[in-house]
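Undergrad: Before I ask anything, let me first share the structure, which is written out below as C-alpha cells.
The values are calculated or read from the model by the stated rules, or taken from the named source; none is laboratory data. Small disclaimer: the values here were computed from a predicted structure and weren't measured. Note that we place each Cβ from the backbone using ideal geometry, even for glycine, and neighbour counts take in every protein chain shown. Surface areas here come from the heavy atoms of the whole protein model, side chains and all, with no ligands, DNA or RNA. Shrake-Rupley method; radii C 1.70, N 1.55, O 1.52, S 1.80 Å.
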Amino acid sequence: MWALLGLGFIASYMADSMSLLEVAEGDTRTSAGATLLYLSGVALLAMAAWQPVSPREAPGQDRWSVLLGPSAFISTSIGLLLYDHFSPLTLSAVLLAGATLIAGVTRAAFTFHDVRTLAVTRVQAVTDELTSLPNRRLFMTTLTEAIAAAATAGRPASVLLIDIDQFKQLNDTLGHRAGDLLLRQVGPRVQDALRENDMLARLGGDEFAVVLGSPCDADAAVRVAERIGVCFSRPFEIESLQLRVAASVGIALYPLHARDAEQLLSRADVAMYQAKRDRAGHALYASSRDDNSRDNLTLASELPGAINSDQIEVHFQAKADAATGRVVGMEALARWSHPHRGLLPPGAFIGLAEQAGMMRELTRAVIGAALAACRDWHDAGHPIQVAVNVTFTDLMDATFPAEVAFALARHGLEPSYLTLEVTESSTMSDAEQIADVLTQLTETGVRISLDDFGTGYSSLSHLRTLPVSEIKIDRSFVARMRSDGVDEAIVRSTIQLAHNLGTRVVAEGVEDDATWTALGHLGCDVVQGYLISRPLPPPAAIAFLDSHPGRRFDNCPRVAQTQNGGRSRPHSTTEAVPSRHAGPGRCGVLPVSVDRVIYPCFFEPGRIVTLRELRRPAIEELRDL
C-alpha cells in the first residue's frame with residue numbers, strides 16, 4: 001500500500017512539475033506526457049486506497065516521511081528560482097515559485113512541530129506517568145511479540161507478575177503520597193535485578209510485570225524471581241521513614257500454562273496470589289490451585305447447594321490451658337462433605353466462597369453448627385468456649401452483631417462462651433466500620449480474638465482501639481521458636497505485650513512437648529495444636545471431652561514439672577520493660593506486631609520495620625529483655 005501511495009504522489013508531482021515548466025515557457029496547453037502522468041498518479045492512488053491495511057503497518061512507518069511533501073515543493077520552488085537566474089522566466093512564474101517556497105517552508109515548520117508532538121504523544125501513550133516505565137499497552141504488545149517469536153523458535157516464553165504485599169494498608173497508614181514515592185523507587189530497584197534483555201513494566205496500582213528475554217525457561221524465571229525478592233530486602237526511604245516491604249511474584253510460561261498473552265498474564269496473576277497465600281515470595285503457576293479452573297468453577301457452583309443441604313460440617317480442635325493442661329475451648333473448623341469428592345478441607349472452598357459472595361451464608365452456617373455443638377458440650381457437663389473464624393465481609397455487615405446475638409439466644413448460650421476470631425489484616429481495612437461492629441459484639445458479651453497475629457500491619461494505637469480479649473500467635477513463629485532465636489524473641493515479646501494490654505495469648509501450632517514447655521516458661525496462656533488434638537467431628541469431640549473430664553493431661557509439661565518438684569514460672573503479667581535505648585519521647589513497651597509492625601521501644605516512634613530484618617544487636621537486646 002505504501003509503495004503505491006509513494007508512486008502515485010511521485011507521478012502527480014512530476015505531472016505538476018511538467019505543467020509548471022510549460023506554463024513558465026508560455027505554453028498554456030497541457031502536454032500528453034503531463035496528462036499521462038496525471039492519469040497514472042490518480043490510478044496508483046486509487047489502487048492504494050483499495051489495499052487492505054495491516055494493523056502492524058501504521059506503527060512501522062517513518063514519522064519523518066510526512067516532511068517529504070513540503071520538502072518536494074520547496075525543492076521545486078528553489079529549482080525554478082535558480083533556473084530564472086540563468087534563463088529569465090515570466091514574472092508570474094517567479095512570483096508563483098516564491099509563494100510556493102514560502103508556503104512550503106511554513107508547512108514544513110508546522111509539520112516538524114506536529115511530528116515532534118506526535119513523537120512525544122506516542123511515547124506517553126506507552127509509558128507509565130508515575131514511574132516512567134512501559135505501561136500495560138506496551139507490555140501486552142511486547143508479550144504478544146515474545147510469544148510469537150517463541151512459537152517460531154520452538155522455545156518457551158515467560159512472564160513474571162510482581163505485587164507489593166500489604167500495599168493498601170501502607171497507603172491507608174502513610175497516605176497515597178508515600179505509596180507513590182515507594183512505587184517510584186520500586187521500578188529502578190527491580191530493573192537492577194533483571195537481565196539486559198528483560199522488559200519491566202508497570203501494569204497499574206502496585207502491580208509490575210516482566211517479560212523475560214532468553215533464556216526464559218522455568219529455572220531462569222525462578223532465578224529472576226529470587227533476585228527480585230532479594231532486592232526488596234533493603235529498606236526504602238520514604239519521607240524520613242525506613243520502610244521495609246515485601247513482594248510476591250507469580251510465574252507463568254508459554255506454552256506450558258497458556259497459549260496467548262492475556263491468558264498467560266492471567267495465569268501469572270493466579271500464581272502471584274498463590275505466592276501470597278503461601279508467603280513464599282514467588283510461585284510457579286499450578287492449575288490444581290487455580291480458583292478459576294474448571295473443577296473449581298464446578299465447586300463454586302455447587303457451594304450454595306452444599307450450604308443449604310447441610311454438607312458443610314464443622315470439626316473441632318481443642319485448646320488447652322498452658323499451665324494446667326485443662327481443655328478450655330474448641331476452635332470450629334469448616335469441612336465440606338462433598339458427595340463425590342469426599343471431605344474437603346477449608347482451603348478447597350473458602351476462597352471460592354469469597355469469590356462467589358457466599359461468605360455471609362457460610363459463616364452463619366458454621367456459627368450455627370458450632371453453637372449447637374457447644375450446647376451439646378454444656379449439656380454433657382463440659383462448659384467450655386467455642387471459637388469461630390469470621391471474615392472481612394462479616395465485619396462489614398452492620399446486621400452481623402444482631403444475628404450472632406439471635407443465634408446465641410436460640411441455643412441458650414451465654415455470649416461469653418463464643419469467641420470470634422478475626423485476622424489482623426482484616427481489621428486494617430475500613431477500620432472505623434469494623435471497630436464499630438466489634439464493639440457491638442463485645443457489648444453483647446462475645447469475645448474477640450486477633451488471629452494470625454504478627455502476619456500483617458499493626459500499630460499500638462490501632463491495637464488499643466480494638467476490643468480484643470485474646471491474641472493468637474501465628475503458627476509460623478511457634479513452629480520455629482526453638483530453632484530460631486529471632487522467632488523465639490518474637491513469641492516472647494508478643495506474649496509480654498499482650499499481657500501488658502490485658503489480653504490473653506493463644507499459641508497455635510504446638511506439636512511437641514518441648515515447644516509447650518518453652519511456651520509455658522514464656523507465660524503463654526493457652527496452647528493449640530496437634531499435640532493436644534487434631535480437628536475432630538462432633539461425636540469424636542464429645543468423646544475427647546468425656547475422656548478428659550476436668551482433668552489435666554498427663555503429658556502437660558508445666559504440670560509434669562510441678563509434680564516432679566520443679567519450679568514453674570508463674571503466669572506472666574509483668575509491666576512493660578523499657579529498652580536501654582528508650583529516651584525522651586520514646587515508648588518503653590515491646591513490639592506490637594511481627595511481620596509489619598511499629599517498634600517504639602528501641603526505634604523512633606513511627607518507624608516501620610520487620611523484626612526478622614532487624615540487625616543482630618537489636619535481636620540480642622530483645623532476647624536479653
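Undergrad: If a residue must be within 18 Å of Ile228 (Cα to Cα) and touching a His at 6+ places or on another chain (Cβ under 6 Å), how many such residues does region 246-292 contain?
TA: Summing the residues that are within 18 Å of Ile228 (Cα to Cα) and touching a His at 6+ places or on another chain (Cβ under 6 Å) in region 246-292 gives 3.
Undergrad: Quick check on my filter: what residues within region 331-358 are at pLDDT 85 or above and either open to solvent by 70 Å² or more (accessible area, probe 1.4 Å) or part of a loop (DSSP other than H, G, I, E, B) (or both)?
TA: Correct list: Pro339, His340, Arg341, Leu343, Pro345, Phe349, Met358.
Undergrad: Further question on the same structure: Of all residues in region 320-330 being open to solvent by 10 Å² or more (accessible area, probe 1.4 Å) and of a type outside the set (Asp, Glu), which is nearest to Ile384 (Cα to Cα)?
TA: From region 320-330, those open to solvent by 10 Å² or more (accessible area, probe 1.4 Å) are 321, 323-324, 326-328; that's our starting set.
Subset that is of a type outside the set (Asp, Glu): 323-324, 326-328.
Numbers: Ala323: 17, Thr324: 15, Arg326: 10, Val327: 8, Val328: 6 Å.
Among those that are open to solvent by 10 Å² or more (accessible area, probe 1.4 Å) and of a type outside the set (Asp, Glu), it is Val328.
Undergrad: Now, a different point. Check off (1) at pLDDT 50 or above; (2) within 23 Å of Thr419 (Cβ to Cβ); (3) in a loop (DSSP other than H, G, I, E, B); (4) open to solvent by 10 Å² or more (accessible area, probe 1.4 Å) for Ile542 and give me the number that stays unchecked.
TA: Evaluating Ile542 over (1) at pLDDT 50 or above; (2) within 23 Å of Thr419 (Cβ to Cβ); (3) in a loop (DSSP other than H, G, I, E, B); (4) open to solvent by 10 Å² or more (accessible area, probe 1.4 Å) leaves (3) as the failure.
Undergrad: Residues being open to solvent by 10 Å² or more (accessible area, probe 1.4 Å) and under 21 Å from Ser416 (Cα atoms): count how many of those fall in region 465-479.
TA: Matching residues across region 465-479 total 5.
Undergrad: Examine region 440-463 for a residue that is open to solvent by 50 Å² or more (accessible area, probe 1.4 Å), part of a helix (DSSP H, G or I) and either at pLDDT 80 or above or among the β-branched types (Val, Ile, Thr) (or both), and state whether such a residue exists. Quick ask: steps written out before the conclusion?
TA: Step one: of region 440-463, the residues open to solvent by 50 Å² or more (accessible area, probe 1.4 Å) are 440, 443-444, 447, 461.
Still in the list and also part of a helix (DSSP H, G or I): 440, 443, 461.
Subsequent filtering for residues that are either at pLDDT 80 or above or among the β-branched types (Val, Ile, Thr) (or both) retains 440, 443.
Yes, there is a match, as at least one residue in region 440-463 is open to solvent by 50 Å² or more (accessible area, probe 1.4 Å), part of a helix (DSSP H, G or I) and either at pLDDT 80 or above or among the β-branched types (Val, Ile, Thr) (or both).
Undergrad: Search region 248-266 for residues that are within 14 Å of Leu212 (Cβ to Cβ) and pair each with any residue that is in a loop (DSSP other than H, G, I, E, B) and among the charged types (D, E, K, R) when their beta-carbon atoms are under 9 Å apart and the residues are at least 6 apart or on different chains.
TA: If the second residue must be in a loop (DSSP other than H, G, I, E, B) and among the charged types (D, E, K, R), the pairs left are Leu253/Asp217; Tyr254/Asp260.
Here's the yes/no breakdown for (1) at pLDDT below 50; (2) closer than 25 Å to Met330 by Cα; (3) of a type outside the set (Lys, Arg):
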position	(1), (2), (3)
Asp487	no, no, yes
Ile490	no, no, yes
Ile495	no, yes, yes
Ala514	no, yes, yes
Gln528	no, yes, yes
Ala560	yes, yes, yes
Pro570	yes, yes, yes
Pro591	yes, no, yes
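Undergrad: Within the set of pairs 6 or more residues apart or between chains, which connect a residue that is at pLDDT below 90 inside region 194-207 to a residue that is open to solvent by less than 30 Å² (accessible area, probe 1.4 Å) and assigned to a loop (DSSP other than H, G, I, E, B) with Cβ atoms less than 9 Å apart?
TA: Arg195/Leu212; Arg195/Gly213; Glu196/Gly213; Asn197/Leu212; Asn197/Gly213; Gly204/Asp128; Gly204/Asn135
Undergrad: Kindly list, by first and then second residue, each pair from a residue in region 21-35 that is under 23 Å from Ile78 (Cα atoms) to a residue that is small (Gly, Ala, Ser) and open to solvent by 60 Å² or more (accessible area, probe 1.4 Å), limited to pairs with Cβ atoms under 9 Å and residues at least 6 apart or on different chains.
TA: Val23/Ser92; Ala24/Ser92
Undergrad: If you scan region 173-206, which residues turn out to be under 12 Å from Thr131 (Cβ atoms), among the charged types (D, E, K, R) and assigned to a helix (DSSP H, G or I)?
TA: Once the filter is applied, which keeps residues that are under 12 Å from Thr131 (Cβ atoms), among the charged types (D, E, K, R) and assigned to a helix (DSSP H, G or I), region 173-206 yields Asp180, Arg184, Arg189.
Undergrad: Could you identify the single residue in Val404, Val386 that is touching a strand residue (DSSP E or B) at 6+ places or on another chain (Cβ under 9 Å), crowded, with 19+ Cβ neighbours inside 10 Å and free of Cβ contacts under 8 Å to residues at least 60 places away in the same chain? Step through it out loud before you land on a result.
TA: Numbers: Val386 fails: free of Cβ contacts under 8 Å to residues at least 60 places away in the same chain.
The match here is Val404.
Undergrad: Now, a different point. Within region 42-53, does at least one residue satisfy the condition of being more than 60 Å from the chain's Cα centre (by Cα) and either modelled with pLDDT of 65 or more or farther than 24 Å from Val105 by Cβ (or both)? Walk me through it before giving the result.
TA: Of the residues in region 42-53, the ones more than 60 Å from the chain's Cα centre (by Cα) are none.
No, region 42-53 contains no residue that is more than 60 Å from the chain's Cα centre (by Cα) and either modelled with pLDDT of 65 or more or farther than 24 Å from Val105 by Cβ (or both).
Undergrad: Quick check on my filter: what residues within region 143-179 are among the polar types (S, T, N, Q) and either under 17 Å from Arg267 (Cβ atoms) or open to solvent by 50 Å² or more (accessible area, probe 1.4 Å) (or both)?
TA: Just the residues of region 143-179 that are among the polar types (S, T, N, Q), to begin with: 144, 152, 158, 166, 169, 171, 173.
Those that are among the polar types (S, T, N, Q) and either under 17 Å from Arg267 (Cβ atoms) or open to solvent by 50 Å² or more (accessible area, probe 1.4 Å) (or both): Thr144, Thr152, Ser158, Thr173.
Undergrad: Another question about this same structure. Do we find a residue being open to solvent by 10 Å² or more (accessible area, probe 1.4 Å), at pLDDT 90 or above and of a type in the set (Asp, Glu) anywhere in region 251-260?
TA: yes
Undergrad: Could you check Gly26 against (1) farther than 30 Å from Glu145 by Cβ; (2) assigned to a helix (DSSP H, G or I); (3) modelled with pLDDT under 75 and say which number it fails?
TA: Only one criterion is unmet by Gly26, namely (2).
Undergrad: While we're here: In region 207-250, how many residues are among the small types (Gly, Ala, Ser) and either open to solvent by 10 Å² or more (accessible area, probe 1.4 Å) or assigned to a loop (DSSP other than H, G, I, E, B) (or both)?
TA: Counting residues in region 207-250 that are among the small types (Gly, Ala, Ser) and either open to solvent by 10 Å² or more (accessible area, probe 1.4 Å) or assigned to a loop (DSSP other than H, G, I, E, B) (or both) gives 8.
Undergrad: Which residues, counting only those in region 480-531, are in a loop (DSSP other than H, G, I, E, B), free of Cβ contacts under 8 Å to residues at least 60 places away in the same chain, out of contact with any Asp or Glu (no Cβ under 9 Å at 6 or more places or on another chain) and crowded, with 19+ Cβ neighbours inside 10 Å?
TA: Val510, Gly523
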